[in-house]
1. Using +1 at the Cβ of each Lys and Arg and -1 at the Cβ of each Asp and Glu in the protein assembly as shown, identify which of B:Phe133, B:Ser489, B:Ser391 lies farthest towards the dipole's positive end.
2. Give me the distance in nm between label points sitting 7 Å out from Cα along the Cα-to-Cβ direction at B:Asp576 and B:Val17, one decimal.
3. What order do you get for B:Arg582, A:Arg65 when you list them from fewest to most C-beta neighbours inside 10 Å?
4. Considering every residue in A:89-98, what mean count of other chain Cβ atoms within 10 Å of its Cβ is obtained?
5. Using only Cα atoms, locate the centre of the range B:505-556 and the centre of the range B:589-662, then give the distance between them in Å, rounded to an integer.
6. For chain B, what's the relative contact order in percent, using C-alpha pairs closer than 8 Å and at least 6 residues apart?
7. Taking R0 as 51 Å, what's the FRET efficiency between B:Ser188 and B:Lys384 from their Cβ-Cβ distance, rounded to 0.05?
8. Within a Cβ distance under 13 Å of B:Ser289, other residues only, what is the Lys/Arg minus Asp/Glu net charge?
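Quick note: the coordinates plus some simple rules give every number you see, no bench work behind them. Being a predicted model, the structure only gives us computed values, none of them experimental. Ideal geometry is used to build each Cβ from the backbone, glycine not excepted, and the neighbour counts take in all protein chains shown.
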Amino acid sequence: MRIKILSGLGLALVTLVVLASCTTTASRPERQPISDQAAVVNWVDSARHFRDRKQFDQAAVILERALRIEPGNARLWHELARVHLDQGNFDQAIQFATKSNALTRDNELKTSNRRLVNAAQSRCTTTSLSSCRKVIQNQYGRP
Amino acid sequence: MRLFAVLAFFALAGYTVYLDITVRDKLEGSRWAIPSHIYSRPLDIFPGMVITRPELVGELKQLGYRAVAHPDSPGTFAQSKYRVRIYLRGFTFWDGSSEPRIIDLRIEGNVVTALHDAHGNPSDSARLEPRLFGSISPGHHEDRALVRLEDVPQDLVHALLAVEDRAFYKHFGIDPRGLARAMWANLSAGGVVQGGSTLTQQLAKNFFLTQERTIQRKLTEMLMALLLELHYEKDEILEAYINEVYLGQSGNRAIHGFGLASLFYFARPLDELNLSELALLTALVKGASYYNPFRSPERAKTRRNLVLGNMVELGYVDSTAAAEARKAPLGVTRKGRYSSTEHPAYLDFVRLQLRRDYQEDGLRKAGLHIITALDPRIQGVVEKSVGQRLSAIEKQKNLPEGSLQSAVLVVRTDNGEVVALAGGRAPRFAGFNRALEAERPVGSLIKPLVFLAALERGYSLASMLDDGPLVVEQAGAPVWKPQNYDGTSHGSVRLIDALSYSYNIATARLGLEIGIDRVVRLLRRLGLNREVSGYPSFSLGAVNLTPLEMTQMYLAFASGGFLIPLRTTRSVLNQDMQPLARYPLSLEQVIEGEQMTVLNAGLQSVVAKGTARSLNTRFPPNLKLAGKTGTTNGYRDSWFAGYGGNYLAVVWVGRDDNKPTGLTGASGAMQIWGDIMKEVHIQPVDLPAPASIEYVQIDQYGQLATGCSGAQTLPFVPGTMPDRYASCASVKKRRDKSAKKQSWLEKLFDTNRK
């Protein structure tokens, strides 16, 4: 009897553990942080903050600093592209997105880069920055 | 007589008004033409950073940080086997200020494994301030770094008052008692032995007058001193004096003011100097040349001790402190001290780039603070490597001592920042800058351009090229018969081999096939901003280009196909350390990723098995270094351009008189390149290939050779794979399998990539 109770308790415990682990699995973690480097993560946060406040030069300075530490981080290049897009520097926005693409096979990031390029491209047509079209045609084909 | 007196009065009055205007104009306007000061890059410190403890300590020493048992003030540090504790100085950067604070690093091997603050809390990052290494000064070569009186140590003020002007805060510009004392001394000695000038008079003299000793000049000086005191507070006069006084000489540049003198003699800011050091600086006021502590240390020490004695006499310091200061060594240092003659070649490039945005006059006088990308450690490595290696080669080759010259550029592959530059073998010599100005034939260094142009026309690394004898008839020019280095033709060769072994005939023929104009246009696309002529021999480097231009071209390869303008300057702050301008990163893709991947494999092959293969004895193969040697006719120029993942370096070696050196690219320039790259923590080349790239095994005849022994796996742009099979290859199935296998590996690789 005692054995039965013990095994029943054991089963309940195992079930609880399994359920708990299932719950953990079910609540999907956020997308991976942009870097393993705490400094880089913090700098990107600051850069976004500056970008939101339209302090684009400050944002770009911080991202360039982060890129000196992690030049192969495609997501950092994407962040820089976003700053240049918001700043109206469409040509460079496209170039940085292109650089980001060259460094990644992450489809989600590639899609973000593609969207960014499209956004720059559509705004390029109204501001007649000739270099935009050239790059878009070279890298992404016609929209 | 009366008329004369009236005239004299009016003349004196007029002269006084003139002097008054002069004095006020000088002190109220911009008092000095302040040179622009040039700084190295700041150093970001973070967990995971690659640096050894000796390298970090070297950086600290260059910045004038003092090793102590317990860092208790800014500018000090302590170290043990794995730890370095630093009391950082504050600094105003373009993106904000940092306050002085303590950091604690743990360094294991060459990696920072932990970073904490003073209380042991983990810290993300810290920044070591940039180092002042040069200035762009006005024509009269006066250099100074301004200080405010409130930042000047009290001991310095006391020392100055004690020896130069005890009654400063009491007199009205002239000290009659002091003057009388001096006159008596002069009369007794039968000549001028004592000045008797107040600080105000000295300031007037330094500001407006010459050093000649005449009665007229003395009277003018006194009049001016009176006017200065009439218009300005004592503290304003003292602050002007502290920034004006002449305190030394660096080359042809005069060191003015205590702010710069502190950096010049002690490599530390003024507010970090101790009593003994401040007394020494004060001692120099009497005669910076006569009491020069480097040349005449005993004389300087005697004068310093006299200053200390006067301070005790007047009660400014107690006798115990003074006695301790007397016992102290002079403390001056040549290492890391500010010197205007440091890295003049790099400074040339800074100046050249800034001239686009600033008038030369503005640079010389506006007191700008220019933060550059110079890495002092790598610059030091470059200067040392060039000097040592050239001397060794001269001995080895029996060349006259000092006959060889060199130029080097080291740049970051990700952002085009120039971290080090040598314009010749004498690093302190501000003369002909070979890195920027020496237009030399580039030889085989140009060849990758020909191969890239071919890759863009559908060629592949496995394309077979004809290396058989070639005769080119040229209208109005002699017949051209290019020869290989070894004097033989190699028949039919793969493109990758022609590149790896630098076959001249195959390259020349390829250049003609695809069109020299196309190759020249490509060079322009990769960043050359001037016209060059496209003769058939262009493919073999019969074109004069500078090391700078070659660096720009190779940066496009090292960066994965992006044109990134080479940059020296990161940002400019005004005299008050407010942000003025920034030089942002910019880039443009100029080579498609597919072609770049293929070319990169070719340039890696040059190092793996080609003309640069001797590098394998110095670097592990997993670095996958890429590069190209270059040798010109008669061994006149020796070139090497090569890169790892983080740095590209281009090196030229030759003679200014253009005589033969007997050196190939590999035996000359590449040796220096290796010396440098050994010291910069070079990382592996890691340029991800586009997903479309196919990897296939190829034999030495450029045929598909899946499964064949000795076959080499090469990357191919889709549609450029050979369609011939080696007899040992198990035809199509295996080829497909091979391609599939590679792409699976690639996928695996990519899942780990951010």
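1. B:Ser489
2. 3.5 nm
3. Details: B:Arg582 17, A:Arg65 21.
The order, fewest Cβ neighbours first, is B:Arg582, A:Arg65.
4. Details: counts 2, 0, 2, 5, 0, 2, 7, 3, 0, 6.
What the average comes to for A:89-98 is 3.
5. The distance from the Cα centre of the range B:505-556 to that of the range B:589-662 comes to 16 Å.
6. Values: 1467 pairs, mean separation 81.3, N = 754.
For chain B, the relative contact order is 11 percent.
7. On the way: r = 57 Å, r/R0 = 1.11.
The value I calculate is 0.35.
8. Numbers: positive: B:Lys286, B:Arg295, B:Arg299, B:Arg303; negative: none.
Net local charge, B:Ser289 excluded: +4.
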